[in-house]
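Taken together, the values in this text are just the output of simple stated rules run on the coordinates, not laboratory data. Predicted, not measured: the structure shown is a model, and the values here were computed from it. FYI the Cβ positions are ideal-geometry reconstructions off the backbone, even for glycines, and counts take in every protein chain you see.
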Amino acid sequence: MIDVGSIIGSREVVVSPPHWTIKDDRSGRTETMTDEPNEEDIKCFNRRISYSSSKVITNDEDAKLIVVRPVDKSG
């Protein structure tokens, strides 16, 4: 069965962004990196925006985007 909206005879090409982005969910502040951010990179990002800790709420490898949200020590 062919679904409504199907594109026949064409391939969708997904172009990945050239850089990774860490984004703060609350303020919208971002930081761009050439490589996928690791835990240390996110800790440094937290310090730059005055967070003691944050929770990763999005890790989209296709969009090369990591979104974090601040959390308090209890949560």
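Charges were assigned to the Cβ only: +1 to each Lys and Arg, -1 to each Asp and Glu. The resulting dipole of segment 20-70 about its Cα centre is roughly 420 debye. As a rough footprinting exposure proxy, the listed residues 34, 21 were ranked by other beta carbons within 10 Å of their own, and the order from fewest upward is 34, 21. Extending 7 Å from the Cα toward the beta-carbon at both residue 26 and residue 61 defines two label points whose distance is 3.0 nm.
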